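The values are calculated or read from the model by the stated rules, or taken from the named source; none is laboratory data. Note that this is a predicted model, so its numbers are computed, not measured. Note that each Cβ is placed from the backbone with ideal geometry, even for glycine, and that neighbours are counted across all protein chains shown.
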Amino acid sequence: MTVMTDQSSPVLVFMGVASTGKSTVAGLVAGRLGWDFQEGDDLHPAANVAKMAAGHALNDDDRAPWLEIVAAWIDERHAAGRPSIITCSALRRRYRDVLRRDFVTFVHFTGDRAMILDRMMRRQGHFMPPALLDSQFATLEVPGEDERVISVDVALSPAEQASEIITRLGLAPASS
């Protein structure tokens, strides 16, 4: 069992390629724990959203300002003593390095490409087109054993994923 080392005001970064259910599960976990939650996609500059919506993958220069915004959100929550969850693809190690803190744990959503593509094809109202899934997998650098990370299989239901995350990290659900 993986237990979080810094319980004072931890931040979980739910990471992985698009359409793995990061946002859905993050909302469930945040609700069960009574933690703050931020959808990382909502922090993208408008130019990034437009570029992805047009079917073009972001490059490192596009991602840099977004990652700094995400990092600032993480720091603000921790400084305020607010345990929190944020979604962020964090596909490359150098992106995770921008977000890495002693109090941050990455939750990596993993799964079969065909299943994820099927989910992406059925998703409505999101700017990320299915054509960009392959670029996401090509960009993904699976977190190493030296990174504070747990992996969660997207084949599980969102409720099962949420329970697994809470259990594996040794977190206590909020009292009713």
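State all residues of the range 99-113 that are over 18 Å from Ser8 (Cα atoms) and surrounded by 15 or more Cβ atoms within 10 Å (Cβ to Cβ); if no residue qualifies, say none.
Across the range 99-113, the qualifying residues are Val107, His108, Phe109, Thr110, Gly111.
Among all residue pairs at least 6 apart or on different chains, which show Cβ distances below 8 Å where the first residue, located in the range 36-59, is under 16 Å from Ser84 (Cβ atoms) and the second is assigned to a loop (DSSP other than H, G, I, E, B) and small (Gly, Ala, Ser)?
Gly40/Ser89
Take the range 75-113 and flag every residue that is part of a helix (DSSP H, G or I) and over 17 Å from Pro143 (Cα atoms).
Asp75, Glu76, Arg77, His78, Ala79, Arg113, listed by residue number.
When you check Ala71 against the structure, is it among the hydrophobic types (A, V, I, L, M, F, W, C), surrounded by 15 or more Cβ atoms within 10 Å (Cβ to Cβ), free of Cβ contacts under 8 Å to residues at least 40 places away in the same chain and over 18 Å from Val154 (Cα atoms), yes or no?
Here the answer is yes, as Ala71 does meet what is asked.
Looking at Glu164, Glu141, can you tell me which residue is out of contact with any Lys or Arg (no Cβ under 9 Å at 6 or more places or on another chain), acidic (Asp, Glu) and within 15 Å of Val107 (Cα to Cα)?
Glu164
Going by what's in this entry, would Ala53 be described as crowded, with 20+ Cβ neighbours inside 10 Å and either under 26 Å from Phe137 (Cα atoms) or modelled with pLDDT under 95 (or both)?
no
Quick one: is Arg94 surrounded by 15 or more Cβ atoms within 10 Å (Cβ to Cβ), under 16 Å from the mean Cα position of the chain (by Cα) and charged (D, E, K, R)?
Judged against the criteria, Arg94 is not a match.
Cβ contacts < 8 Å: first residue farther than 17 Å from Pro10 by Cα, restricted to the range 150-176; second residue acidic (Asp, Glu) and outside any loop (DSSP other than H, G, I, E, B), any location; separation 6+ or different chain. Result?
So the pair list comes out as Val152/Glu164; Leu156/Glu164; Gln161/Asp153.
Output yes when any residue across the range 18-33 is surrounded by fewer than 21 Cβ atoms within 10 Å (Cβ to Cβ), under 27 Å from Glu160 (Cα atoms) and polar (S, T, N, Q), and no when none is.
Looking through the range 18-33, at least one residue is surrounded by fewer than 21 Cβ atoms within 10 Å (Cβ to Cβ), under 27 Å from Glu160 (Cα atoms) and polar (S, T, N, Q).
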